[in-house]
Amino acid sequence: MSGASVLYDVPGPKARARNRVYTVVGSLAVLALIAFVVMRLSAKGQLEPEVWNIFNYAGVRTGIRDGVLTTLQVFAVAAVLSLVVGVLLAVARLSDHKPVRWFATGFIELFRAVPLLITIYALWVVLLSNRESLGLTGSQPQFWALVIGLTVYNGSVQAEVLRAGINSVPKGQREAAYALGMSKTQVMTTVLIPQAVRAMLPTIISQLVVTLKDTSLGYIITFEELLFTARQMSTNIIVNGNDAYVPVIIVTGTIYVAMCLSLSALANWIERRGRRAKTGIGVAAAAEPVAATDAMEVADAVPDGPAAKKD
């Protein structure tokens, strides 16, 4: 009996017929919903060629380009900082010193529990009220509030991911490293963390995808990233007496999906490359068997032990 049959009963003729009926009915329901949405958008004039023609204007294309570049800039800074903070928090949580371990645990649990939007808004208020003393100008308070908020939240999540990866390394490797006289810092940096990063790399990059999507929360503090730019365009551009919000939403959503899929594709490529990487010591090829006559000749040519010693 196979494992699949234990966990899943093979449907009989009646069950297969019901599944086909449910599939057809569900597909028709989805198609009907899509047709209803398209009809409503057409009735509102959102599918007219004039509405979609707004993307031919240089100002609209420039606004979208600047929004994408700003989003990628925030993501790049927040991604690097969150990885650094994640490594530090993971190591601190595994520390032998109780104050360090308690501080790291409290930090991680606090910022994982607080909604990211509240963290970003609170940081924006603090930075905005102290912008002169901190030397911040222009949109820097919004930028750093968004970056720091993304860093502390995603860094806390990355710390738990790395801690799980470190704990998944077999204890024998740690004990062998200590037996060789390595310090705890050397064991952590040369044995545990590299293996943890490799094991948890898909999860780490998946969390980076979340970081990229969370950059859209910058619109709440009026930071001019992609979502804020799209919202401004959808409300300020009027075509045939209507707002062009549907085309802007579709184009913006497509850009977000393309960026996230690109990052996911990078994660899959790195994972496949890691599987193909040649690690460890190769197994030596087996020696060819020696013929019986050759073995006898070799035995005759090699003197016996005592005779050799006597000579």
The chain: relative contact order from alpha carbon pairs under 8 Å, six or more residues apart, as a whole percent, is 20 percent
Any residue on another chain or 5+ positions along whose placed amide H is under 5 Å from the amide H of K44 is listed here as none
For the range 155-203, the accessible surface attributable to carbon and sulfur atoms (probe 1.4 angstrom, ligands and nucleic acids excluded) amounts in percent to 62 percent
Counting only protein heavy atoms and rolling a 1.4 Å probe, one gets per residue an accessible area for the chain in Å² of 64 Å²
Rounded to 0.05, the calculated FRET efficiency for the beta carbons of D66 and S168 at R₀ = 51 Å is 0.75
Counting only residues 5 or more apart in sequence or on a different chain, those whose built amide H sits under 5 Å from that of V239 are A244
Of all trypsin sites (Lys or Arg not before Pro) in the range 100-139, the ones in DSSP coil with at most 12 other Cβ atoms within 10 Å are none
Sorted by chain and then number, the residues having a modelled amide H within less than 5 Å of the amide H of V114, at least 5 places away or on another chain, are none
Here the gain from full extension of Q195 to A122, 0.36 nm per residue of separation minus their alpha-carbon distance, amounts to 22.6 nm
Under the 7 Å Cα-to-Cβ spin-label approximation, W102 and K44 lie apart by a distance in nanometres of 5.5 nm
Whole-Hz Karplus couplings 3J(HN,Hα) for the range 260-268, θ = phi - 60° and coefficients 6.51, -1.76, 1.60, Gly and Pro as x, run 5, 5, 5, 5, 5, 5, 4, 5, 5
For the chain, longest principal axis from Cα atoms; helix 292-301 axis from its Cα atoms; angle between them, nearest 10 degrees, is 60 degrees
Diffing the range 60-74: the Karplus 3J(HN,Hα) column from phi (6.51, -1.76, 1.60, θ = phi - 60°), in whole Hz with x for Gly and Pro, holds 5, 5, 5, x, 5, 4, 5, x, 5, 5, 5, 4, 5, 5, 4
With only helices counted (DSSP H, runs n ≥ 4, each -39500 (n - 2.57)), the per-residue ellipticity at 222 nm for the chain, to the nearest 500, works out to -24000 deg cm²/dmol
Reviewing [x] 18.2, 53; [y] 30.9, 113; [z] 24.0, 85, the figure for Rg and Dmax of the Cα atoms in Å actually calculated from this model sits under [y]
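The values are calculated or read from the model by the stated rules, or taken from the named source; none is laboratory data. Quick caveat, the model's predicted, so the values are computed rather than measured. When we count neighbours, we look across all protein chains shown, and the Cβ atoms used for this are built from the backbone with ideal geometry, even at glycine. We work out accessible area using only protein heavy atoms, side chains counted, and drop any ligands, DNA or RNA first. Shrake-Rupley method; radii C 1.70, N 1.55, O 1.52, S 1.80 Å.
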